[in-house]
Every structure is written in C-alpha cells, then in structure tokens.
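J.: Dropping the structure in here first, questions after.
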Amino acid sequence: MDLFGVISQLVFLLVAVLTLAAGLATVLLRNVFHAALALVGTFFGVAAIYLMLEAEFLAIVQILVYVGAIAVLILFAVMLTRGMMQTEDSNINSQWAWAATAIGVLFVGLFILILQVPWKISGQPVVGDTTPALGTALLTTYLLPFEVVSVLLLATLIGAFIIARE
Amino acid sequence: MINDIPLNYFLSLAAALFCIGLFGSLARKNAIAVLMGIELMLNAVNINLVAFWRYGSPDPILNQAGIVFALFVITLAAAEAAIGLALVIAIYRSRDTVNVEEINLLKW
Amino acid sequence: MVQNFTLLIPLFPLLAFAIIALLTRSRNRLSAWIAILGVILALALSLGVFLEALAEGAELAVNPFYGAPIVWYPYGTATVNFGWLVDPMGSAMLFMVPTVCLMIFIYSVAYMRHSHTGKDGHTIHEDDPRYARFFALISLFTGSMLLLVISSNLLQFFIAWEIMGFCSYALIGFWSFRGLKEHHIDDAQVGRARAASIKAFLTTRVGDVLLMTGMILLFITVGTLDFTQMFSPDGLNNMLLGEPPIGALQWPTLIALLIFGGTVAKSAQFPLHIWLPDAMEGPTPVSALIHAATMVSAGIFLVIRMYPLFVFDSQTGGFSMQTVALIGGFTAIFAAVLGLAQNDIKRVLAFSTVSQLGYMLAALGIGAFVAGSFHLITHAFFKALLFLAAGAVIHAVGTNDMLKMGGLWRKMPITFLTFLIGALALMGIFPFAGFWSKDEILLEALRLGFFSESGAAPLVQFVFISLATAAFITALYTGRQLFLTFFGKPRDQHFYDHAHESPVTIWVPLAILALFTTVIGFWNTPFAPAFTGYVGEAGLVGLPVPFEHHAFDQLALISIFVSLGIAFGGLFVAYFIYGFRPVGAGQPDPLERLGIIYRALASKFWLDELYGYKINLDGTARAGLLVRFVGLLSRFSYWFDRTIVDGLVNLVGWFGRIMARLWGWFDKHVIDAIVNGSGSVTGEIAGWWRTMQTGNVQNYALIAVAGAMAFAILFLLRSFT
C-alpha cells in the first residue's frame with residue numbers, strides 16, 4: 001500500500017467519522033433546530049462521500065437539493081412549530097431502549113453480512129465525463145421513470161399545498 | 001484512489017448511518033425529528049447505491065443505473081419531505097402539538 | 001223475479017228496529033210510523049214473492065225458490081251460506097205473518113196510549129213512557145220471524161228463533177218496571193210482568209237447548225244444515241249410517257224428538273205450556289203477536305220445515321210422529337179443559353191458543369200435513385183478531401176480569417161484532433176460517449183412524465176422540481167468554497160506565513182481520529181444495545211425501561155435520577149455563593159448583609206448583625218443586641265448584657308457582673351465569689388485547705422493524721448453516 005492509499009483511507013475515515021458524528025447529533029440533540037443544523041452537516045458529509053466515489057454530479061445535486069431545499073424546508077417547519085424549540089423534558093420517547101436494542105442487533109447483523117458476502121467487484125476506472133452520459137441515459141433509457149417522477153413531483157406540490165392550507 | 005478503499009468501508013458507513021436514522025425515526029418524540037431520521041436513512045441507501053455503481057458496474061460510463069436510482073431517490077426524498085412537513089404543520093395547527101406520542105387518534 | 005229479493009223482506013223491520021233504537025226513540029209518533037212503514041215494505045215484498053209463488057203453483061214444491069248467495073263461514077271444504085228458501089207453505093207464511101203483524105202494529109199506535117182520570121176529573125190521554133221502545137221491539141220481533149220463515153238452513157233459522165226468544169222476554173216483561181208517570185200500572189203488575197218474562201224465557205230455553213242439541217246431532221250425522229241438501233234422500237239416509245245412539249232408538253227418531261223439544265217449549269205444548277198463560281202480562285198487541293203471527297207459529301213452522309225428517313223417521317220405523325200426535329192431541333184437550341175455568345179474558349184465549357196449537361201438532365203427527373198447516377194460517381188470523389178485540393175491551397173497560405164485565409155489546413158494537421166473528425171461527429162454525437181448517441183436521445183423523453185401508457190405528461182414534469172433545473170444550477169456553485163479556489147485565493157499573501167504543505185506529509185493524517177470518521177459509525174447502533193442491537200436492541222440499549188426497553165424498557159430508565154438531569153443541573151448553581140465566585153481579589161462576597174439579601182447573605192442575613213457577617196475583621212468585629230441586633242442585637254444584645274444583649285448580653296453580661320459582665332460580669343463577677360469563681370473559685380478553693392498539697405510529701414501526709429482523713435472522717440462519 002503506497003502513501004496515497006494511506007492518505008485516501010485516512011481521508012475516508014475522517015469524512016466517515018464526521019458524517020456519523022453529524023448524524024448522531026441529528027438524532028440525539030435535544031434542540032430540534034440544532035438537530036436540523038447537524039442534519040445539514042450530515043448532508044455535506046454524504047456529498048463528500050459521493051465525490052470520493054467519483055459521482056461529482058450527484059454530489060452537486062445532493063448539496064443543491066438536500067442542503068438547499070430540504071434542509072431549508074425543515075428549518076422553516078421547525079420555526080413554524082415554535083414552542084418545540086426549547087424542550088424541558090426528554091426528546092426521546094419511552095420505547096427508545098427497545099428501539100436501540102433492535103437497531104443494535106440490526107447493525108451487528110448488517111455488519112456481519114457485509115463482511116461475509118463476497119461482493120463482486122469489477123474494478124473498472126471511471127474514464128471521461130460522466131455527466132453527459134447521465135443526461136443521455138435519463139432522456140433515453142430512463143425516460144419513462146423520469147417522466148413519472150416529474151408527474152409525482154407535480155402531484156406532491158399540489159398535495160402539499162392542499163394539506164398545509166388553512 | 002478508489003482502489004485504496006475497500007467496498008466494505010462504504011457499506012459499513014451506510015449501515016451505520018442507516019441505523020442512526022432508524023433510531024431517530026423510532027425514538028424521537030418530535031415529528032420533524034422523525035422526518036430527519038428518515039432523510040438520514042435515505043442518504044445511507046444512496047451511499048450504497050452509488051458505491052455499488054462505482055465498484056460493481058462493468059462500465060461506469062455507459063451503465064449509470066446506480067446514479068439514476070440515487071437521483072430518483074433524492075427526488076422522492078424531496079417529495080416526501082414536502083408532504084411530511086405539510087402534514088406536521090397541519091397537525092400542529094389542529095392539535096397544537098408535534099409530539100408523535102400525543103398524535104394517537106387510533107388508540108383504543 | 002221478486003224471489004231474488006226475498007232476503008230483503010226481514011231487513012225492513014230489522015232496519016226499522018235499528019232506526020228507532022238508535023235515532024228516533026225520543027219521538028213516539030215518528031217511531032210508530034217508521035215501524036209501520038217497515039212492516040208495509042216487508043208486506044209489499046212478501047206479497048210479491050207470494051204472488052210469484054202462487055203463479056208457480058204446485059211446481060214450487062218441487063223447485064222452491066232457493067238461494068244461498070252469502071257465504072257466512074266456511075268449514076272444511078264446504079261453507080255455511082246465508083240465504084232464503086220459499087216453498088209453498090213458506091210462501092203462505094209470508095202472506096200471513098206480515099199481514100197480521102201490520103194489523104197489530106196499526107192497532108198498537110192507539111193501544112199504547114193510555115187514558116186515565118186526572119185529579120181534576122178530566123180524562124187524560126198520554127203515550128206509554130216506553131212507546132218508541134215498544135215499536136222497536138215488535139219490529140225486531142216481526143223481522144226475526146220473517147227471517148225465520150225464509151231461512152235456508154237450520155242455523156239461520158235457529159238464530160231468528162233465538163232473537164224471538166229474547167223479544168218475547170223483553171215484551172212480556174214490558175211493564176216490568178215502572179216510571180214515575182205510569183198510573184196505569186200497579187206494583188203487583190210490575191212484579192207479575194217481571195216474573196212472567198223470566199218464566200217465559202227460561203221455559204222456552206229448555207226447548208232451545210233440546211233444539212240445539214238436535215241441530216248439532218243433525219249436523220254430525222247429515223253433514224249439513226241446509227234444508228235442501230239435508231232433505232235430499234242422500235242426506236236423510238246418512239242418518240241411518242253408524243251405530244244407533246241409545247239402544248234401539250235410531251238417529252232420526254232421536255234428532256226428530258230433540259227438535260220437537262224446541263217446538264214443545266216454543267209452541268207451549270204440554271208439559272212446557274206453563275209459560276204461555278203468564279205471558280198475558282205483556283201488552284195485548286204483544287199477546288196477539290206471540291199467539292198469532294210469530295212466536296208460537298215459529299214452533300209449529302219448525303215441525304213443518306223439518307217434516308221430511310219426521311216422515312222419513314216414521315217410514316224407517318221411528319216413533320217421532322206418534323209422539324208429536326200424542327202430545328198434540330193431549331195438549332189440545334188438556335188446555336181446552338183449563339180454559340174453562342179462567343176468568344181473565346186473555347187467559348181464556350191463551351189456553352185456547354195452546355189447545356189450537358195442539359190441534360195443529362196432532363194433525364201433523366197423524367200425517368195430515370195440509371190440514372195442520374192450513375190451521376196454522378187460519379188460526380193466526382182469527383186468534384190475532386180475538387186478542388186484539390179482547391185488548392180493545394180491556395182498554396175500554398180497564399180490567400181483565402170477565403166477571404166484572406157483561407152487557408158490553410151495547411157499548412161497543414163494532415168490537416163486539418169482530419170478536420163474535422173471531423169467536424165463531426174459533427168454535428168452528430160455518431163459514432168462518434176455523435170451521436174449514438178444523439173440519440179438515442177432524443176429517444183426516446176420522447179417515448185415518450177409522451176408515452183407513454191399512455186398518456184401524458188406535459193412536460189416531462185417540463187423537464180423533466181427543467180433538468173432537470176438545471172442539472166441544474172449545475165451543476163451550478168460547479161461548480162462556482162471549483156470554484160473560486158481552487151479554488147479560490153489567491156486573492160492575494163503574495167499569496161499564498168507563499167503557500166506550502174503540503177509536504178508529506183500533507177497530508179498522510179488527511175489521512180487516514175479521515174480513516180475512518171470514519174469507520180465508522174458502523182457500524181450502526172440501527169442495528175446492530186449492531190450498532191442498534198448492535201445498536200438499538207434490539210433497540215437500542226434496543222428499544216426495546205420499547199424501548192421500550180424496551175427492552169430496554160421503555165421509556167429508558159426515559165430517560162437516562159432525563164438527564158443526566160438536567160446535568153447536570158446545571155453544572148450546574154454554575148458552576144453557578151462561579146465556580139463559582146470566583151470571584149476576586157478585587155471583588160466583590156456575591162452574592164452581594164442581595168443587596175440587598173447578599179448583600183444580602182454576603189452578604191449572606197445580607202444575608206450576610209441581611214443576612214450574614207460580615206467579616201470584618200480587619206479583620210475588622214461588623218456584624215449583626222441580627225448579628226448587630234444580631235450585632238445590634245448582635247450589636250444590638256451586639259449592640262443589642267452589643271448594644273441590646277450585647281447590648284442585650288452585651292446587652295445580654300453587655304447584656305451578658313453586659315450579660316456576662325453581663325454574664326462575666335455575667334460569668337466573670345457572671343459565672344466565674353461563675351467558676353472562678361467556679360475554680364478560682370475551683370482554684376481559686378483548687380489553688386486555690386491545691391495548692395493543694396504541695395509536696402510536698412509532699410503536700407500529702418498531703414492531704415492523706422487529707418483525708423484519710426476525711425474518712432476516714431466520715433467513716440468515718438458514719443460509720449460513
């Protein structure tokens with residue numbers, strides 16, 4: 001293993017730890033507003049992971065959509081439901097211990113699974129620009145799902161408007 | 001770079017992030033926090049998708065299914081967030097709470 | 001086609017009854033006119049039917065007017081229908097009943113007005129306080145009699161029969177209670193009327209029960225009560241099927257005797273004749289109605305209606321006709337003898353009615369169907385005439401006692417003349433109605449008893465002797481009545497002064513009835529027997545009865561002279577006793593010299609004391625021995641019922657209550673416990689189980705995760721081991 005490989009692994013570990021820390025903060029922080037800010041941190045971490053996986057376009061989309069739209073939406077919702085900002089009592093409900101146990105078991109199971117399964121790896125490098133190829137694929141191979149998702153977005157827009165209306 | 005980091009690293013990260021998100025959605029009282037947990041889980045899944053695309057695809061340029069799937073998931077996440085938050089606000093208006101434990105109209 | 005409206009005939013008087021009873025009872029005069037109108041309409045329709053029947057002639061006996069269109073009620077596969085049946089005798093009744101009734105109704109308008117002397121000495125006329133009620137009741141009476149005459153089945157007949165029984169009760173007891181205004185009734189009369197109505201009702205009830213029993217047996221054996229079906233040969237032969245009920249007594253005999261029991265009570269035959277003389281307590285028009293047109297005629301008409309049954313019985317060897325003849329013959333002479341010693345002008349007539357009804361039954365019993373039927377018709381006219389004339393006398397004089405009358409012919413000549421015609425008819429003197437019909441009966445008895453080709457019949461000979469003697473006595477007591485009432489010197493000046501000629505509405509009906517009495521007999525003379533040809537030619541409904549018809553022969557001539565001789569003989573003896581030397585004021589009746597015999601006659605052989613119900617002049621009444629025995633029996637039955645039967649019933653009830661309590665406890669504590677227990681156990685389980693439904697979404701999600709994990713672990717365990 002050369003130096004570049006070691007550095008790569010260190011960078012990955014750093015990003016992974018930061019991302020997980022932000023995720024834990026999201027889940028555990030008492031103040032929902034702070035939690036939402038931690039969520040933004042998590043999104044950035046995930047975008048960095050995408051970059052590491054050489055999916056630059058997706059990383060940009062992650063930041064634009066998640067950080068720019070969804071996170072801002074959540075922040076607005078948090079502020080609209082004011083009074084929940086400061087909470088004296090626990091932000092964790094009564095079944096948290098059961099949930100934690102179950103999730104612990106789940107994590108262990110997943111971890112064993114990941115280590116045990118012999119994943120097929122092709123190891124092909126990414127040569128060239130992926131973004132034009134992605135655009136072509138979306139408008140040719142995946143045209144129907146693409147259009148369905150756009151219709152879904154429209155329906156969501158109308159639905160959200162009707163639900164949230166006075 | 002990619003050859004220096006095994007696939008297991010990404011998968012383990014995704015699994016950990018998924019579990020964190022699941023815990024958030026199962027254990028938090030605040031409905032918005034529950035939604036945030038769901039967003040975390042979706043992100044974890046997306047990491048998996050992209051990682052499998054990157055490591056498993058025989059031609060990452062021509063076969064971009066993982067990326068496309070991740071894009072759709074992001075779109076759906078956006079839609080889900082919009083609807084979910086709208087519901088939270090509507091419930092808040094009508095019942096003056098966002099505590100999931102108090103929203104139990106179906107209780108015996 | 002008037003026959004199709006036959007069923008409407010009784011409707012008019014019944015309607016008049018309803019209208020008077022419901023609407024116009026406070027309007028006396030209007031009620032009277034409504035009643036009269038009802039009878040006039042009935043009479044008009046009846047005459048229509050009668051004329052149509054006459055046009056049919058003897059054919060009618062084979063094919064009577066018959067229709068039973070109204071389904072009354074079904075039983076099994078058959079139905080009982082309400083309808084009409086008019087055979088020749090029925091049509092003759094349809095002529096007789098409404099005619100006589102109309103006369104009585106018109107007569108009643110004036111008769112039910114009473115006159116008395118007021119405080120200031122003036123004579124006051126006023127209506128009877130229950131004037132309208134009287135007309136309502138006699139309308140009902142007439143209507144039910146007409147219904148009876150046209151009935152097409154025995155049950156319908158019986159209903160009309162029973163309504164008449166009620167009417168006779170209500171009318172005999174018409175003066176059984178006394179209003180403040182009624183000066184003409186004293187308390188004794190109230191008591192007598194009350195007792196007499198009860199007596200009449202209960203005595204006839206004995207016969208009704210017998211009749212109903214007979215009717216039920218008839219229905220059981222024949223299977224129908226419709227006259228036309230019953231009297232078909234098949235219907236009558238049905239009665240001979242099956243075991244005889246009692247020993248050698250066969251079904252037809254038993255049934256005929258039971259039905260005849262109804263006649264004995266209704267037509268006042270011995271031994272149930274005791275009610276009729278006491279029935280004189282009713283107003284005189286009622287007496288006329290009962291004695292002439294309705295009540296007692298119904299009894300005879302029952303025998304006439306059921307005559308095929310009697311004939312069938314005698315053809316199959318039964319003795320019901322002999323019984324009828326025997327009772328009729330005995331009653332004829334028995335009642336005639338009793339009539340000799342009565343001083344009440346109406347009671348004499350009452351006994352003469354009993355006697356004449358005996359005549360009819362004797363005639364029917366020996367097989368002289370036509371003669372008996374004809375006597376029923378003629379008798380109705382002259383007996384109504386006699387009663388109404390006697391009523392006119394009573395009304396004018398103010399007493400019933402003949403010993404207080406005398407010489408009245410000067411005061412009321414028209415009444416006297418009409419009474420005379422009626423009396424001559426009753427005696428059987430040419431040319432009045434009674435002569436022809438009575439002569440016919442005597443002739444038949446003579447012919448059948450002594451000159452029959454099948455040899456002498458002792459029973460018929462007895463009947464003939466009895467009837468001949470009765471005819472003699474009839475002439476005697478009728479003569480006595482005539483002489484005591486109208487001839488001689490007034491025995492009580494006060495009553496004599498009070499007497500006056502009847503008003504026109506009273507003497508016109510008398511005159512009309514007298515006219516009928518004079519001419520009706522010519523319907524059936526021995527020389528020209530039109531009635532015989534009409535009624536008796538072809539027999540009766542369904543069942544041809546062989547009647548022997550004889551042309552006018554020597555025997556008929558002899559019979560005429562015999563009966564005339566008997567009648568004049570009786571009249572002569574009466575003249576010898578009462579007319580030659582009239583009974584003076586305060587003198588006793590010459591018959592009292594007979595001593596114990598006279599007292600026996602005057603007290604009607606003490607039969608009332610023996611088994612009847614004795615009604616004294618002062619209005620008190622005393623039960624006879626038989627009645628008292630029945631009273632004791634009923635008291636014993638009451639005691640038995642109260643203590644023993646009720647005791648048993650109560651015991652059963654008490655036992656039932658105990659059992660019910662036991663069951664109640666069991667039901668409450670065992671069965672209910674099981675039922676409630678199953679319910680509450682289910683409720684408990686559900687109450688515990690439902691807490692699963694927390695309503696908390698995160699709970700559900702957690703469980704879903706746990707479930708998914710459980711499946712995943714299972715899957716992993718399988719793939720790695």
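The values are calculated or read from the model by the stated rules, or taken from the named source; none is laboratory data. Worth saying up front: this structure is predicted, and the values here are computed from it rather than measured. Quick reminder, even Gly has a Cβ in these numbers, built from the backbone with ideal geometry, and neighbours come from all protein chains shown. These accessible areas exclude ligands, DNA and RNA; they are computed on the full protein's heavy atoms, side chains included. Shrake-Rupley method; radii C 1.70, N 1.55, O 1.52, S 1.80 Å.
J.: Taking the range B:59-87 on its own, how many of its residues are facing another protein chain (nearest Cβ under 7 Å) and either open to solvent by less than 20 Å² (accessible area, probe 1.4 Å) or of a type outside the set (A, V, I, L, M, F, W, C) (or both)?
T.: The qualifying residues number 13.
J.: Give the residue, chosen from A:L39, A:L29, A:L20, A:L51, that is open to solvent by 50 Å² or more (accessible area, probe 1.4 Å) and farther than 21 Å from B:S57 by Cβ.
T.: Of the residues listed, the single one that is open to solvent by 50 Å² or more (accessible area, probe 1.4 Å) and farther than 21 Å from B:S57 by Cβ is A:L29.
J.: Could we say that C:W689 is within 14 Å of another protein chain (Cβ to nearest Cβ), open to solvent by 100 Å² or more (accessible area, probe 1.4 Å) and either assigned to a helix (DSSP H, G or I) or in contact with a helix residue (DSSP H, G or I) (Cβ under 7 Å, 6 or more places away or on another chain) (or both) here?
T.: Answer is yes for this residue.
J.: Being part of a strand (DSSP E or B), within 33 Å of the chain's Cα centre (by Cα) and in contact (Cβ under 8 Å) with a residue 40 or more places away in the chain, is that true of even one residue in the range C:592-613?
T.: Yes; the residues of the range C:592-613 include at least one that is part of a strand (DSSP E or B), within 33 Å of the chain's Cα centre (by Cα) and in contact (Cβ under 8 Å) with a residue 40 or more places away in the chain.
J.: Would you confirm whether or not the range A:39-54 contains a residue that is facing another protein chain (nearest Cβ under 7 Å), within 22 Å of B:G66 (Cβ to Cβ) and outside any helix (DSSP H, G or I)?
T.: So far as the range A:39-54 goes, yes, one or more of its residues are facing another protein chain (nearest Cβ under 7 Å), within 22 Å of B:G66 (Cβ to Cβ) and outside any helix (DSSP H, G or I).
J.: Identify, by number, the condition in (1) modelled with pLDDT of 90 or more; (2) among the small types (G, A, S); (3) open to solvent by 40 Å² or more (accessible area, probe 1.4 Å) that A:G128 doesn't meet.
T.: (1)
J.: Considering each of C:R178, C:R192, C:R205 in turn, give the residue that is of a type outside the set (D, E) and in contact with a strand residue (DSSP E or B) (Cβ under 7 Å, 6 or more places away or on another chain).
T.: Exactly one of C:R178, C:R192, C:R205 is of a type outside the set (D, E) and in contact with a strand residue (DSSP E or B) (Cβ under 7 Å, 6 or more places away or on another chain), namely C:R192.
J.: Also: In the range C:575-622, how many are of a type in the set (S, T, Y) and open to solvent by 50 Å² or more (accessible area, probe 1.4 Å)?
T.: 3
J.: Which residues, taken from the range A:122-166, are out of contact with any Pro (no Cβ under 8 Å at 6 or more places or on another chain) and of a type in the set (S, T, Y)?
T.: A:T131, A:T136, A:T140, A:T141, A:Y142, A:S150, A:T156 - these are the residues of the range A:122-166 that are out of contact with any Pro (no Cβ under 8 Å at 6 or more places or on another chain) and of a type in the set (S, T, Y).
J.: Still on this structure, I have one more. Could you please give the count of residues in the range A:113-122 that are surrounded by 10 or more Cβ atoms within 10 Å (Cβ to Cβ) and more than 7 Å from chain B (Cβ to nearest Cβ)?
T.: Matching residues across the range A:113-122 total 3.
J.: Just the residues that are in contact with a Leu (Cβ under 8 Å, 6 or more places away or on another chain) and within 7 Å of chain B (Cβ to nearest Cβ), please, taken from the range A:20-35.
T.: A:L20, A:G23, A:T26, A:V27, A:A35
J.: Checking B:S25 against (1) without any contact (Cβ under 8 Å) to a residue 12 or more places away in the chain; (2) of a type in the set (S, T, Y); (3) open to solvent by less than 30 Å² (accessible area, probe 1.4 Å), only one condition comes out false. Which one?
T.: (1)
J.: Which of the residues belonging to the range C:378-401 are surrounded by fewer than 24 Cβ atoms within 10 Å (Cβ to Cβ) and of a type in the set (A, V, I, L, M)?
T.: Across the range C:378-401, the qualifying residues are C:I394, C:A396.
J.: Looking at the range B:36-58, which of its residues are at the interface with chain A (Cβ under 7 Å from one of its Cβ atoms) and closer than 13 Å to A:L39 by Cβ?
T.: Within the range B:36-58, B:M36, B:G37, B:E39, B:L40, B:N43 qualify.
J.: With the checklist (1) more than 24 Å from B:G66 (Cα to Cα); (2) facing chain B (nearest Cβ under 7 Å) in hand, flag the one item A:L58 doesn't pass.
T.: (1)
J.: Can you tell which of C:L557, C:L648, C:L626, C:L632 is over 30 Å from C:G367 (Cα atoms), at pLDDT 75 or above and more than 34 Å from the chain's Cα centre (by Cα)?
T.: Every option except C:L648 fails the conditions.
J.: Now for a separate question. Tell me which of these C:P546 doesn't satisfy, since it passes every other one: (1) loosely packed, with under 12 Cβ neighbours inside 10 Å; (2) modelled with pLDDT of 75 or more.
T.: Status for C:P546: all satisfied but (2).
J.: Would the range C:450-465 turn up any residue that is aliphatic (A, V, I, L, M) and over 30 Å from the mean Cα position of the chain (by Cα)?
T.: yes
J.: Output the helices (runs of 4 or more DSSP H) that fall wholly within the range C:219-324 and possess 1 or more residues being among the hydroxyl-bearing types (S, T, Y), or say none.
T.: So the answer is C:227-230, C:251-266, C:284-288, C:295-305, C:307-315.
J.: Let me ask another. Residues C:L60, C:L85, C:L41: which one is at pLDDT 90 or above and either under 30 Å from C:H379 (Cβ atoms) or of a type in the set (S, T, N, Q) (or both)?
T.: On inspection, the qualifying residue turns out to be C:L41.
J.: Say we look at the range B:88-106 and pick out the residues that are touching a residue at least 24 places away in the same chain (Cβ under 8 Å) and assigned to a helix (DSSP H, G or I); which of these is surrounded by the most Cβ atoms within 10 Å (Cβ to Cβ)?
T.: Applying the filter and picking the extreme gives B:V88.
J.: Can you pull out every residue in the range C:497-515 that is touching a Leu at 6+ places or on another chain (Cβ under 8 Å) and part of a helix (DSSP H, G or I)?
T.: C:I506, C:P509, C:L510, C:L513, C:A514
J.: Sticking with this structure for a sec: Test A:V72 against the criterion of being under 16 Å from B:A78 (Cβ atoms), more than 14 Å from the chain's Cα centre (by Cα) and open to solvent by 50 Å² or more (accessible area, probe 1.4 Å), and give yes or no.
T.: When the stated conditions are applied, A:V72 passes them.
J.: Only one of (1) open to solvent by 60 Å² or more (accessible area, probe 1.4 Å); (2) farther than 25 Å from B:A86 by Cα is not met by A:P145, so which one is it?
T.: Here A:P145 meets the rest and fails (1).
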